[in-house]
């Protein structure tokens, strides 16, 4: 069986009820500096406390936010899977509380320049994450680049992090507008959930969501779900300086309790819409299908 046939079988199996598939949650933001990576890391910690196996894929290539915040230097990254023949277990670094993370490095951006055979090899390897993790959190870059939009289009579940700053609200709307206009985006098969970060109160967080939701509903007709608010918290900043997530370093901090509440909502079927898990093979195949998998192999 060649790798292409193996890939087709993996994707076909993802539609059967017997194969365990990971839940893929993509965390994004309209601009940098709004705390997106902090949200990704602390939600991962809270999922672990709920008994889930979690892996974070740091897809913000060029930056190393996840490894810096974990205080852990990975031996390998996604580029080593692509260019050095490493397997998926080789490129997972295990951080605090056994949260796994994969540093994207330049590997993700480089995927678009690879041959079909290489891409199949990568996706077959990434499909193994479904047996390793219950939930995979993808921390994208910020902004409206094609790379970010491709991740969002492939994801059935998006968490958008925004803050009360006018530029953050404007950029969040611009990101959702670009996503809504992007080829292959399906609003019917995508849940977009919003976290209000760095707010002074729960009321301010709700008002921030209401403001964004009103303009998105009017002009883009996109349904949004409110997950909750993360308060301004000096302990969160202290955790960053100590390279240890606030959810571990300061378990009684206001922000830790907020992350705990949001993770509880995300894992409670009665709180938010639960998206059917797709698994990593289907996720990455969707990203590159139009560019590579349906084209002729490169020489």
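Derivation of every value follows stated rules applied to the coordinates shown; laboratory data play no part. On a predicted model such as this, the values are computed, not experimentally measured, just so you know. Ideal geometry is used to build each Cβ from the backbone, glycine not excepted, and the neighbour counts take in all protein chains shown.
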Item to check | Residue list for region 150-177, given a label point 7 angstrom along the Cα-to-Cβ vector of residue 219 and an amide N cut-off under 15 Å | outcome: 166-177
Checklist entry - Taking the inverse of the average 1/r across all pairs of different Cα atoms in region 75-199, what Kirkwood radius in Å do you get? => result 16.4 Å
Next on the checklist: Restricted to Cα positions, what overall size does region 191-270 have along the principal axes? Three whole-Å values, descending.
Outcome noted: 42, 27, 21
Checklist outcome for this item: Binned at 10 Å from zero, the C-alpha pair distances of region 128-268 give percents of 11, 37, 37, 14, 1
Item to check | Sites residue 261 and residue 90 - FRET efficiency at Förster radius 30 Å, r taken between beta-carbons, to 0.05 | outcome: 0.25
Checklist entry - What is the gain in length, in nm to one decimal, between residue 50 and residue 187 on full extension, counting 0.36 nm per residue of separation less the C-alpha to C-alpha distance? => result 46.4 nm
Checklist outcome for this item: Length gained if residue 165 through residue 117 is fully extended, taking 0.36 nm per residue and subtracting the Cα-Cα distance, is 12.8 nm
Item to check | Added length on full extension, which subtracts the Cα-Cα distance from 0.36 nm per residue, residue 271 to residue 98 | outcome: 59.6 nm
Checklist entry - Calculated FRET efficiency, residue 145 and residue 252, Cβ-Cβ r, R0 25 Å, to nearest 0.05? => result 0.05
Checklist outcome for this item: Taking only the Cα positions of region 211-250, the convex hull volume per residue in Å³ is 101 Å³
